[in-house]
Each structure stands twice: as structure tokens, then as C-alpha cells.
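The numbers here are math on the coordinates, done by the rules we state, and not lab data. None of these values were measured; they are calculated from a predicted model. Glycine also receives a Cβ, built like all others from the backbone with ideal geometry; neighbour counts cover every protein chain displayed.
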Amino acid sequence: MAPARLTPPPAPPFSLVTRDERFHALDGEPFDLIVVGAGITGAGVARDAAMRGLRTLLVDKGDLASGTSSASSKLVHGGLRYLEHRRFALVFESVSERHRLRGLAPHLVRPLRFVFPVFERRPRPLWQVSVGLWIYDTLALFRSFRLHRTHGARAAADLEPALRTDGLDGAVSYYDCVTDDARLTLETARGAHEAGAHVVTYAAVRAFTSLRGQVTGVEVEDLRSGETTVARGRVVLNATGPWTDRTRGLRGDRSRVLRPTKGVHLVVPRARLPLRHAVATADLIDRRNLFAVPLGNRVVLGTTDTDFEGDFDSVDATRGDADTLLELAAYAFPDAKLGHPDVISTFAGLRPLIASTGREAELSREHLLSVDDDGLITIAGGKLTTYRSMAAEVVDLVGKRLRVEGVHVGGCPTAAVRLPGGSGIRFDGERLRTEGPEGEAIDREAEGRLGEDVVEHLQQTHGGRWLEVASRAVDDPGAGERIVADLPYLWAEVDTAVECELATTLTDVLRRRTQLHLRDFQQGLGVADAVARRMGSKLGWDEVRVHDELARYSALVAASRSWRGEP
């Protein structure tokens, strides 16, 4: 058998047109690897496999990152609290990958200072917490953006004035990283596409095909057209996150690998909670934790951690979830007096935790890689931070399988190759800058035309490709206008999402290519019609399709607000 292809041809546009062409070609030559599930793990596996020369298919019943991977806590972190459970190997892997991702995607994985307060010796005396941070820094091989510092009560209050002072023993400050989880997944999938992988979204796997007791492919339905086809693959991977057990069940397996737990987050105006830094707490009330992360002029509060048995495709906050987070916020930040009217939006997702007994918050964040008797490989569990190393482990296993068939698979390249937007941009310790001798002049000129906050947003969102979006905005004055007045999103980003980022629905753009659903006071409803019509002009939507897109998006917003109507 011929060796795997090592050099892919130039990639076509990452768009709906290419997606449709790829779907109609699924029944052709067998794939070396079929990856079911286009969350962060599946996207990572597809990119790794394609970069090693494997003919790869990445397929998902929804959009890229439409499940857990766009509903995480938006953090790339080392897992400080895992130290309490002595999971040193997991922490070491996490801090190592955190460091690596900062280099691979400096625009999407950015250092953020956290303040960890200690109230009345909870969760530990301040000196013990400080010792824990020394261990944290040591496991990171002292490669954190900056080393931790310990602050007494008065210094802690000066450092973060929003904190309660009653019972405050002091605080420790340290650095982890913040990210846009949906765009990290998007860029990883785009990297897979550029390496030659076939990426097909809104295509549901309805069944596995098999021959002599071995899985040989998948039956796929195009949810846009209703058409069904079969894709053949030498190896098939189940990377469907919380849906892992249900995907395994397509072939009659009723065993359970996962114990999904729900994580809910609230978004509030930063003007109502004027934090200078991110804040992470532990054991505030009844061993419950809270973090508050500033994202521009908003703050994300999280997170709950409760068992979930409902509809995996409809996961939303309840009144109890919102009240829990607001109660914790009231304790940590009493002067803010946050209440239900302050909540701009909520988002919720399911953590695909490995099944075990114990409190939900104590379940393992480690992953499970298994091979069933029929050859189906499953990757389950894990965390956003370690997705790249998990993917490498999966493709190493796939390589062993394929070598039996004469297909040579080389070593993992992803530790050294930046994500698509990672080139042409650098982090100078304060903010992102355009690389090159003219970078500073380019940044200043763009800031003069578009505004400093817009340029900073474009760089953080698109990395080195931000100039492509900025050029659209400069060439077309309408494209250079903000979609909503108090956020830096431009109309040019809608065009980019459709033409270069595989956005096919209104929800794709408002929820995942931008964060208007989360950060806009109207959750995008005030501009949804205009966005839909702009998309429709490029995708050929008629009035019926525009109306359907608006109805589906309105239903999504209503579901995220349903907790307000609960007793």
C-alpha cells in the first residue's frame, strides 16, 4: 500500500461551498482516519493527523465547537485546584501545554493575572496557599508569564478593591491564560483544513458500517439537504465529548464511559463589577468555588458543577444555577450588589468527565483513550488546555494501527507549528503587536482609522490575519462600522466568517465567530435581522431562509433567558 500523502495541495476556501463539495465526495476513496466530533479534541486530532499526511475526515452534526468547546470557562490553565487532590501529573501536563499554546497561538492564549483571596483561613491558611503556588510555579518549570506573589490583607484589598474585606486574610496573585474557546477550535479545524483534512459540519453520523466485525466507516446525513452517504475509513475515532456514550450506542453498546456535569456561567457588565484582575476563589460557601474573569467591558462569572441527565442538545441555566453564582458573587464582592437584572447573558455546557463516584467538582479531568473489539477508538474526558497533547496521543495510536496496513505515519508536528492566526503576530508582554519592521507603523495607522480597541480586538481574534479583516473594513466603509456601538465587532467580520471561517448559520456568527450572543446587552437580537441579510446576500438565502434563521436564533436566546421566568 502506498505511504500516506505528505504534502497536501493548496487548500480551497474554508467556506460552505467547499464543505458541500467535500460532503458529495465522501463516498470516494477511503479515508485513513474519520474523526466524529468537531469540538476542540476532534479538531486537534484532525489537524495532527492531516499534518502527518493522513487522509482525514472531520465530521460533526453541528457547527465547529457547537457543544462544550464554546461553553467552557474561556481559560487555558494549569489546574491549580488539582494540586489539592495530588494530581501532579495532570498539573504538569496542563502547565506545559499552557506554555506551548501561548507560543502556538499568542493571539488566542493570552496571560491573565488572577487574584486568589483567602478568607478566614479558607481554603487553607495563606502560607499554605503560597506554598501551593510555589509547587505550581515549579511544575511549570518557572515558565509562567510571571511568578506568583503573596499579599497581606491590606495589600490584597488595594490590589483588588472589589473584594470583600471582612475576614480577608490576604491573597496570592498568579498567572494563567484566557482564550476564546470557540475560535481556538475554529483555528485548529482551519489548520486541519489547510493541511488537507476534509471538514464537514452539519452532517450527522447516523450509523457505523462494519465488515467481519470491524468498523469500516460511517453513514452520514447532510442536515442541510437530507442527503445520506457513506464514508469509508481505515480507522474511525469517536471524539464526541458529552455525546460519547450515545455515539458508542449507535452500534448497540449500552455501557457508560462518562458522567457529564453541567457548568453554567453568567455574563455581567464590568461597570457593575469593576474588576482590575481575574479573581478565583475556593471554599467560599459550602465548599463552592467562584471565578470572575474580565473580558473587555464584561465579566464572566462561573461556574456550577452538577450532574446532568437531560437533553444534551439543550443545556441552559436554571434559576437555581443563576442564584448560586450570584450568591457566591455577593459574598466575594458585596459592594457590587449584583442581581438578576445585571445578568446580560448566560451560557452552559457539559463537561465530558470520566464516570466515577464522588462529588461532581472532584471528578477527574484526565482523559480515557480506548479501543473496542470492533476497532472503534474513543477519546473521552480531558480538558481544553491539554487538547493538543491528547490529539498527539490519539494519532500515535492511529499510526500504530495503520502501519499494519503499510501506511507510514511520522512523528507529531503540532508542538512546533503555529495555528493559522499565530504567525505574523507577537505578544510583547503588554499587548499584541504586528510582527515585522513595519509592524508598529501598521498598528498605529490602523488604530487611527478603526480605533485602538477595534485593532486590539481584531488582533486578539484573528491574529496575524487581522490585516485581511482590516482591509475589508477600510475598503468598504460599511464593513468598517461596528455591529453594536459598545463592542468592537465589525461588519467585515461577518463577511470573513462566511467566506473564510465556515460559518453557515446566523447562530454560527452571533454565538461562535463573534461573542455578540454573550456580550451584547440585547444578545444580538437588535442586529440579528441585518446580520442574517448580510449573510444571506453571500449564501443565497431567500426570505424564508432568513426568517428561519432569525427564528432559530431567537429561540436560542429565549432558552438562555428562560431561567428569568422560573419561580
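Summary table below
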read-out	value
Mean separation of Cα contacts under 8 Å (6+ apart) over length of the chain, as relative contact order %	19
Pairs from Lys262/Lys337; Lys74/Lys400; Lys61/Lys262 whose Cα-Cα separation, in the structure shown, is over 31 Å	Lys74/Lys400
Between 0 and 90°, nearest 10: helix 543-561 axis offset from the chain longest Cα axis	40
Around Pro413: net Lys/Arg minus Asp/Glu count, Cβ-Cβ under 14 Å	+2
Residue among Cys500, Val474, Val544 farthest towards the positive dipole end of segment 446-567, charges placed on Cβ	Val544
Kirkwood-based shape ratio for segment 418-481, expressed as Rg/Rh from alpha carbons	0.95
Selection from Thr41, His77, Ala25, by position along the positive dipole direction of the chain (Cβ)	His77
Peptides ranked, highest mean first, by Cβ atoms within 10 Å: ranges 86-96, 477-487, 118-128	86-96, 118-128, 477-487
Normalised contact order of segment 268-341, rounded percent, pairs of Cα under 8 Å and 6 or more residues apart	29
Additional length obtainable on full extension of the chain from Arg154 to Val474, 0.36 nm per residue less Cα span	110.3 nm
Helix 528-539 vs. the chain, principal-axis angle (Cα, 0 to 90°, nearest 10)	30
Sequence ranges 309-320, 238-249, ranked by mean other-Cβ count within 10 angstrom, highest first	238-249, 309-320
Antiparallel DSSP beta bridges within the chain, percent to nearest 5	80
Segments 39-51, 531-543, 494-506 sorted - mean Cβ within 10 Å per residue, highest first	39-51, 494-506, 531-543
Which of Asp372, Asp475, Asp181 has the fewest Cβ neighbours within 10 Å, and the rest in rising order	Asp475, Asp372, Asp181
Segment 443-470 and segment 134-199: distance between their alpha carbon centers, rounded to Å	24
Within segment 143-225, trypsin sites (Lys or Arg not before Pro) in DSSP loop having at most 10 other beta-carbon neighbours inside 10 Å	Arg212
Cα gyration tensor, segment 446-567 - rounded (a/c under 1.5), prolate or oblate	oblate
Computed [θ] at 222 nm, helices only, for the chain once each DSSP H run of length n ≥ 4 contributes -39500 (n - 2.57)	-10000 deg cm²/dmol
